[in-house]
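What follows is a short report on a single structure.
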Amino acid sequence: MLVFLRIIFLIVAVAIAGYGLISNNFDFQPFMILALGLSILVMGLQEFKKNKKRQGWLMIIVFGFSLFVSIRGLMLF
């Protein structure tokens with residue numbers, strides 16, 4: 001289940017990034033950052049399942065930062 005979610009979030013992020021590069025329209029960049037952050041959160045949860053707590057906490061902290069950046073970008077949008 002977690003692998004499936006990670007792949008879905010990464011596909012969404014790559015699709016939004018590709019759209020931005022092709023059309024030179026970067027209005028959806030906060031959504032791309034949010035999708036990447038969610039994939040990092042899923043990877044952190046996978047690391048917790050492997051008992052690698054240090055890497056799991058690091059990925060959750062990175063998710064928190066990306067969530068902050070994407071919300072900040074949406075507020076300026």
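The values are calculated or read from the model by the stated rules, or taken from the named source; none is laboratory data. These numbers come from a predicted model, not from an experiment. FYI the Cβ positions are ideal-geometry reconstructions off the backbone, even for glycines, and counts take in every protein chain you see. For the accessible areas, the whole protein counts, side chains as well, though only heavy atoms, and no ligand, DNA or RNA atoms are used. Shrake-Rupley method; radii C 1.70, N 1.55, O 1.52, S 1.80 Å.
Looking at segment 1-17, I want the residues that are modelled with pLDDT of 95 or more and have a partner that is open to solvent by 80 Å² or more (accessible area, probe 1.4 Å) and polar (S, T, N, Q) with Cβ atoms under 8 Å, at least 6 apart or on another chain. Which pairs are those?
Matching pairs, first to second residue: ILE16/GLN29.
Output the residues belonging to segment 11-27 that are within 19 Å of SER70 (Cα to Cα), of a type in the set (A, V, I, L, M, F, W, C), assigned to a helix (DSSP H, G or I) and open to solvent by 70 Å² or more (accessible area, probe 1.4 Å).
Once the filter is applied, which keeps residues that are within 19 Å of SER70 (Cα to Cα), of a type in the set (A, V, I, L, M, F, W, C), assigned to a helix (DSSP H, G or I) and open to solvent by 70 Å² or more (accessible area, probe 1.4 Å), segment 11-27 yields ILE11, VAL14, LEU21.
Condition first: among the polar types (S, T, N, Q), part of a helix (DSSP H, G or I) and open to solvent by less than 40 Å² (accessible area, probe 1.4 Å). Can you find one or more residues in segment 28-39 that meet it?
yes
Which of the residues spanning segment 53-77 are surrounded by 14 or more Cβ atoms within 10 Å (Cβ to Cβ) and at pLDDT 95 or above?
GLN55, GLY56, LEU58, MET59, ILE60, VAL62, PHE63, SER66, LEU67, VAL69, SER70, listed by residue number.
Suppose we keep only residues that are charged (D, E, K, R) and part of a helix (DSSP H, G or I) within segment 40-56. Which one would you say is farthest from GLY73 (Cα to Cα)?
LYS49
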